[in-house]
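Working notes for the structure below.
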Amino acid sequence: MSNRPFKLYDTLSRTVKPIETVTPGVLKFYSCGPTVYSFAHIGNFRTFLCADLVVRTATALGWQVMYVSNITDVGHLTQDDVADAAGEDKMEKALKSKEGANFQNVWDLARYYGDAFEEDWARLYLNEPTVRPRATEHMREQIIAVQDLIEKGHAYVTDTGVYFRLSSFPEHGKLSGNRDKDQLQVAVRDVVVDDNKEHPGDFALWKKDDKHLMQWFSPWGWGFPGWHIECSAMAMKYLGSTIDLHAGGEDLVFPHHESEIAQSECLTGKAFSNHWMHVRFLLVNGEKMSKSKGNYYTVRDLIEGRGADPTALRYSLIAVPYGKPLNFTLQGLDDAKKNVDRIQECRRLVEETEYPSGEDHVSEELERIYDECLGAMCEDLNTSVALAKALEGTAVLFRKSAEMTAEDASAGKAFLDKIDALLGIAPKLQKEEGGSVEAELQADIELRIQLKKDKKFAEADEIRLKWEAKGYELRDTPTGTVWRKQ
Ligand code: AMP
Ligand code: ZN
């Protein structure tokens with residue numbers, strides 16, 4: 001394990017500081033996942049890619065990573081940024097839309113977009129989390145957490161639901177700096193207007209509603225959980241009371257993460273997360289990319305609709321360090337494609353020719369460059385420097401192409417493998433496989449396409465996972481499914 005510190009900006013202490021794990025060499029990391037009422041857009045993926053880079057950097061340092069990233073498959077309210085959360089439930093609204101006609105019910109819709117999300121995740125070469133919990137599968141844990149908060153005096157019941165008692169947690173506001181309780185009602189996502197609440201800013205832990213399409217039975221009758229409780233419950237279930245790092249996009253600082261802190265710390269009496277990371281927004285023409293503004297691209301818009309190369313898309317989304325806004329343009333995607341092509345050309349240079357054995361001209365330089373690349377990632381995920389280092393390594397190899405030895409080629413391959421493990425931008429070349437494996441894989445790909453048409457997603461997923469276990473990644477493209485050896 002490397003002793004190199006891994007520094008990240010921490011929203012809570014407002015400083016760039018090394019991640020200090022509770023157990024040395026073991027990173028317990030929770031990153032908030034998407035709400036699955038439609039396809040995730042590439043802005044969402046900017047955030048997930050940054051979390052992926054944290055995992056890859058920690059792994060490169062030799063740490064063991066326990067990485068939990070959830071799927072929010074319970075509907076929350078559409079007017080969630082105004083005080084009177086009287087808007088429709090996002091899932092229910094999606095079901096009534098044109099696309100919604102393809103689904104039997106909200107459960108079907110959530111399952112479909114959840115699966116589509118996992119597919120997009122694989123297409124952009126994000127590593128699988130250790131656990132990907134779905135909120136609907138953790139209702140028991142959420143209800144128990146709410147009950148426990150009531151018993152500890154941090155929550156109370158009214159006719160409309162169960163609310164967190166802000167006055168019981170004076171530290172509320174420590175993450176966002178938003179301590180003006182009187183302003184909370186206008187600012188808080190998920191705050192419900194109810195005259196019987198003790199304070200207008202008290203946020204919902206449970207909403208009573210026997211008309212809601214997704215509802216569960218609880219000690220407070222039929223209803224559904226508030227938005228924030230799922231992440232507290234699932235983070236603590238899989239990672240314990242205190243985690244090392246928690247991440248999300250910049251809009252989650254308040255109220256989502258502030259509320260998670262309040263709930264979790266009142267439940268355990270311990271610090272919830274020792275480090276908080278927030279990713280700045282992906283912009284389009286200087287504006288936030290968002291579903292409600294309609295100014296967004298999904299991963300499939302770009303890959304299937306415009307034939308974008310998934311590795312180039314990944315490259316373009318990580319090209320700017322996470323602490324700065326990234327303005328997405330199709331020109332940026334084209335530039336990324338040139339860099340990715342150059343890296344692939346370098347792979348071919350070192351992998352497709354047999355070179356004579358001889359002097360090693362490059363390994364020392366490549367090792368230094370890789371070390372600087374990892375060093376840049378450890379300095380608050382400086383991806384622009386890290387990507388420049390990857391290209392610098394390819395330039396070293398191209399310069400030696402006329403006098404390349406077997407030793408140089410093997411050092412070059414090792415360099416590209418390490419760069420791919422760290423940044424995910426140097427995939428292995430697709431090689432022809434022996435006939436029988438390929439035939440079996442092809443037959444399974446066709447079967448999987450049929451299963452997906454029949455909406456048998458679980459079985460289709462099993463096929464994907466079966467091949468993943470054998471080291472093959474299946475990816476869906478406009479022309480069909482392609483595979484990639486991992
Ligand atoms: P949601 O599905 O809205 O819960 O969002 C999933 C994740 O994407 C959250 O961490 C959000 O903060 C993040 N996110 C949403 N929009 C953007 C954007 N334009 N750029 C970067 N991250 C975003
Ligand atoms: Zn969350």
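Hey, what did the chain get for relative contact order, percent, Cα under 8 Å, at least 6 apart?
Values: 829 pairs, mean separation 80.6, N = 486.
Taking the mean separation of contacting Cα pairs over the length of the chain, I get 17 percent.
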Within the chain, the percent of DSSP beta bridges that are antiparallel, given to the nearest 5, stands at 60
Please give the calculated 222 nm ellipticity per residue for the chain, where each DSSP H segment of at least 4 residues contributes -39500 (n - 2.57) and the sum is spread over every residue; nearest 500 deg cm²/dmol? -13000 deg cm²/dmol
Whole-Hz Karplus couplings 3J(HN,Hα) for the range 100-109, θ = phi - 60° and coefficients 6.51, -1.76, 1.60, Gly and Pro as x, run x, 4, 6, 10, 6, 7, 5, 5, 4, 4
Once you list every other residue whose beta carbon is under 13 Å from the beta carbon of Asp309, what net charge do they have if Lys and Arg are +1 and Asp and Glu are -1? +4
Amide H contacts under 5 Å for Asp89, placed H, 5+ residues apart: Thr78
Rounding to the nearest 10 and keeping the result within 0 to 90°, find how far the Cα-based axis of helix 457-469 lies from the longest principal axis of the chain. 40
Thinking of the range 272-375 as a set of Cα atoms, what percent of all their pairs are more than 19 Å apart? 62
Amide H contacts under 5 Å for Arg134, restricted to residues at least 5 apart in sequence or on another chain and with H modeled in the peptide plane, are Ile71
Would you kindly derive the ³J(HN,Hα) couplings of the range 334-348 from the backbone phi angles with the Karplus curve 6.51 cos²θ - 1.76 cosθ + 1.60 (θ = phi - 60°), listing them in order in whole Hz, with x for Gly and Pro? 5, 4, 4, 4, 4, 5, 5, 4, 5, 5, 5, 4, 5, 4, 5
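Net charge near Thr160: determine it from the other residues with C-beta under 9 Å of the C-beta of Thr160, scoring Lys and Arg +1 and Asp and Glu -1. Could you put the intermediate results ahead of the total?
On the way: positive: Lys197, Lys207, Lys208; negative: Asp159, Asp194, Asp209.
That works out to 0.
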For the chain, what Kirkwood radius comes out of the mean inverse Cα-Cα distance, in Å? 24.0
5 angstrom amide H check on Val193, placed H, neighbours 5+ away: Ala85
With every protein chain present, what is the per residue accessible area of the chain (1.4 Å probe, Å²)? 41
Charge tally for neighbours of Thr405 with beta carbon under 10 Å away, counting Lys, Arg as +1 and Asp, Glu as -1, is -4
Relative to the longest principal Cα axis of the chain, at what angle does helix 42-60 sit, 0 to 90 degrees, rounded to 10? 60
Helix 435-453 versus the longest principal axis of the chain: what angle, 0 to 90°, nearest 10, using Cα atoms? 30
Please list, in order along the range 202-218, the HN-Hα scalar couplings obtained from phi with the Karplus expression 6.51 cos²θ - 1.76 cosθ + 1.60 (θ = phi - 60°), rounded to whole Hz, x for Gly and Pro. 4, 9, 6, 9, 8, 10, 7, 5, 8, 9, 4, 5, 10, 9, 10, 8, 9
Considering only protein heavy atoms, what is the solvent-accessible area of Leu175 at a probe of 1.4 Å, reported in Å² to the nearest 10? 0
Between the range 12-50 and the range 285-336, what's the alpha-carbon centroid distance in Å? 19
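The values are calculated or read from the model by the stated rules, or taken from the named source; none is laboratory data. Given the structure is predicted, the values throughout are model-derived calculations rather than measurements. Reconstructed Cβ throughout: ideal geometry from the backbone, glycine too, with neighbour counts over all protein chains shown. We work out accessible area using only protein heavy atoms, side chains counted, and drop any ligands, DNA or RNA first. Shrake-Rupley method; radii C 1.70, N 1.55, O 1.52, S 1.80 Å.
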